[in-house]
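The values are calculated or read from the model by the stated rules, or taken from the named source; none is laboratory data. Keep in mind that this is a model prediction, so the values were computed, not measured. Cβ placement follows ideal geometry from the backbone for every residue including glycine, while neighbour counts extend to all protein chains displayed.
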Amino acid sequence: MDYQQLWGVHPWAQVSYNQSISVDNNASISRGKDGSWGDVTLGADMPLGSHLAAWATLSQADNVPSGENTLYLMGVSANF
């Protein structure tokens, strides 16, 4: 894909499914009753200069104990 047609924006996607082999009900990192969860993330990054880039992601997960299953993130990254 020619990213110049997208004004330098590099889109990406990630899909993951995680299954716990064993679930410790006393552990604070337990992800729900069955110990498994899925996640779909879409994102894009765009260079702003030779050492600076902006990025954004949208993540949708299931079986999260907090009930907050949508996450939006935006940021700027730099390398020196």
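Structural remarks
- Residues (polar (S, T, N, Q) and either surrounded by 12 or more Cβ atoms within 10 Å (Cβ to Cβ) or at pLDDT below 90 (or both)) located in the stretch 1-15: Gln4, Gln5
- Filtered residues of the stretch 41-65 (kept if at pLDDT below 90 and among the aliphatic types (A, V, I, L, M)): Ala61, Val64
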